[in-house]
Structure formats: C-alpha cells, structure tokens
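A.B. asks: The structure follows.
The values are calculated or read from the model by the stated rules, or taken from the named source; none is laboratory data. Small disclaimer: the values here were computed from a predicted structure and weren't measured. Heads up, the Cβs are rebuilt from the backbone with ideal geometry, glycines too, and the neighbour counts pull from every protein chain shown. Side chains included, ligands, DNA and RNA excluded: accessible areas come from the protein's heavy atoms. Shrake-Rupley method; radii C 1.70, N 1.55, O 1.52, S 1.80 Å.
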Amino acid sequence: MTARPVHRLCRWMILFALSAVVIGFTRYSMLAQGPVPVGSSDPRSKTERPPIVKSTGLSADPVFDVVSIHPNNSDHTARTHIYSYADRGHFIAINATLMQLLEYAYAIPDSRIIGAPAWTKSAKYDIEGKSDPEFAEKQAGLPYSKAKPQLLKMVQTLLADRFHLAAHLESRELPVYDLVVSKEGAKLANVKEEGTTIDSGTHFGSSTITIKSSPHATADLAEMLARFTGRVVLDKTGLQGNYTINLKFASDDARSGVPNTETVSVPDAGPSVFTALKEQLGLELKSSKAPVDVLVIDHIDPPSEN
C-alpha cells in the first residue's frame, strides 16, 4: 500500500529534473544569439532596414496629420501652383517639381541648392498635407509671421519622410550681384503711404516687381531680384527711405548673366533687367563674389506614394 506513493514521487522528481534541463538549455540558446534591445521588435523575426537620415536641424514636430503624393503626368508646360494656408496648417502643391518644393520649404532659390539630381527639376507631383483639427486651431491663433515658419517646417519634414531628403546648409564663395546706385543717381522718391505690399509675376516673357510703400524697399528689391537673376543680390545702395518701386523687364534676359545695356530683349516684353534697373530706377547690378549660404543635398529619392 505504501510502495505506490513512493514510486509516484520518484517519477515526479525525475520529470521535474528533466524539465529544468530543457528550460535551462532553451534560455542558453536564446541568450547566445544576443539580447533584444529594449523598446524594439525582435530583429531576428524580420529583415531590418538602415534608418533614413533626416534633414539636418529638422524636428519631429510639427507634422501633417494626412499627406497625399501623386505624380502629375499631365502637360508639363502647365503652370505650377503652391498654396500655403499657414493659419490652418494646410499645404497644396499642384504640378510642382521637387526643386520648386525645396525652394519653397527652405526659402532659397534653385541657384543655391547644390547636389540635387536632374529628376528633381523634371518630375512633377501633386501634393497635399493636412493638419489635425487641434493643430489647425492652434495655428489659427498665431500671427502669420509665426504660423508660416511652422508650415515650412512641416513641409521640410514631409520631404524628409516621403522623399528621404537629407540635406545641410553651408557657406560657399559664389558669384553675386551688388545692387548699387548708378552714376546718374537713383530715381526713387519718398512716399507717405502706410502698409507695405510686395508682388511679382511673369506673363508672356515680361516680368514685374512691385513694392509699395516699404521703409526698406531696396533690400526688398534685392531679395526679389535674386529670384529672377539666379544669384544672391546684396543691397549696397545705402538708400534709406520709404519708397514705392515698379520695375518691368524681359524675364528671358534675367538669367543671361550679362549685365550690360546691349542685351537683346524679347519684343514687347520690355528691356533686360539690367537696363530696366538703370532706366527706371537709377540702379545697377554689379558682378561680385561673397560667402553665400547654400543648401547641399546629401540624399534624396523619388517619393513613396499613397
């Protein structure tokens, strides 16, 4: 009667010992492969991809809540439209190249963007980024001067996430234009109107720059001219006053890089930008060199679509 419990006890002891050996062997096998880092999935369960390096200086916030990207294969001669609703955290680009998006996001002309592959100037996209309602409400309470930089950061983050953009700013010695007063003297008159407006446009080969009632009109003009000439333009006029400026010139001549009055102009489009400045404003562009901040593209890919 007492033998059975003893045999049964022995049998349980043997099974327990074997289980401990199996458990110990299994634990040793897992540790031999190395521990799994805290906060990550088991790297042995799938193939890991190296992390994408983000653009230098970009933060994780703020970001668009919803982003859509689609190639635009329509007429590539059609105009590009970029709409930024900073007060709503909403961004729309239609028929835009990546180069145009880089110019917008970093507020820098294409002449100062180095290392971008050729496709960034040819392939066109339709892109939309929307913020969540809570963020949009916060944006609506900000002045435009603060809301716009937030939106630009969001577009930069979009480019880093969806185009795998990695870039950095550096200073390089580059050709520039100095905006100076001509020998004949400036043709600018002080105005008393309040409220500054700045506008520019191109239509049928003719470009216009309009600056109304600005206390730093020549500095504003230099910044606008850079977009048409392809070079940084430095205000060296020394003029101080509240001016209104209206400038009309042939856009086809603007990037010719020939600052003289003999540049051939497009019929009915107006004179070259160099001639227009001298005749209409009494100002000149002089070639020079200076340290210029440029955006250097380290890496970029075609976008991942929705």
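A.B. asks: If I filter region 276-306 down to residues being polar (S, T, N, Q) and farther than 30 Å from residue 185 by Cβ, which single residue comes out as nearest to the chain's Cα centre (by Cα)?
C.D. replies: The selected residue is 304.
A.B. asks: Residue under question is residue 161, and the condition is that it be open to solvent by 20 Å² or more (accessible area, probe 1.4 Å), under 21 Å from residue 251 (Cβ atoms) and of a type outside the set (Gly, Ala, Ser); does it hold?
C.D. replies: no
A.B. asks: Residue under question is residue 80, and the condition is that it be among the polar types (S, T, N, Q) and within 15 Å of residue 163 (Cα to Cα); does it hold?
C.D. replies: Spelling it out, it is not the case that residue 80 is among the polar types (S, T, N, Q) and within 15 Å of residue 163 (Cα to Cα).
A.B. asks: Exactly one condition in (1) among the aromatic types (Phe, Trp, Tyr); (2) surrounded by fewer than 16 Cβ atoms within 10 Å (Cβ to Cβ); (3) modelled with pLDDT of 85 or more; (4) farther than 30 Å from residue 231 by Cβ is false for residue 135; which is it?
C.D. replies: (2)
A.B. asks: Further question: Name the residues in region 239-257 that are open to solvent by less than 60 Å² (accessible area, probe 1.4 Å) and at pLDDT below 90, would you?
C.D. replies: Across region 239-257, the qualifying residues are 241, 251, 253, 254, 256, 257.
A.B. asks: Further, regarding this structure: What about residue 295, is it at pLDDT 90 or above and part of a helix (DSSP H, G or I)?
C.D. replies: no
A.B. asks: Within region 70-85, can one find any residue that is touching a helix residue (DSSP H, G or I) at 6+ places or on another chain (Cβ under 7 Å), open to solvent by less than 20 Å² (accessible area, probe 1.4 Å) and not basic (Lys, Arg)?
C.D. replies: No, region 70-85 has no match at all.
A.B. asks: Which residues, counting only those in region 111-123, are under 15 Å from residue 159 (Cβ atoms) and open to solvent by less than 50 Å² (accessible area, probe 1.4 Å)?
C.D. replies: Result: 113, 116, 117, 120, 123.
A.B. asks: When the residues of region 210-238 are filtered to those that are modelled with pLDDT of 90 or more and open to solvent by 50 Å² or more (accessible area, probe 1.4 Å), which remaining residue is farthest from residue 103 (Cα to Cα)?
C.D. replies: Restricting to residues being modelled with pLDDT of 90 or more and open to solvent by 50 Å² or more (accessible area, probe 1.4 Å), the top hit is 238.
A.B. asks: Here's a check for you: in region 125-160, which residue that is touching a residue at least 24 places away in the same chain (Cβ under 8 Å) and of a type in the set (Asp, Glu) is farthest from residue 91 (Cα to Cα)?
C.D. replies: 132
A.B. asks: Can you tell me which residues in region 174-212 are among the acidic types (Asp, Glu), out of contact with any Lys or Arg (no Cβ under 6 Å at 6 or more places or on another chain) and within 28 Å of residue 112 (Cβ to Cβ)?
C.D. replies: The answer is 199, and nothing else.
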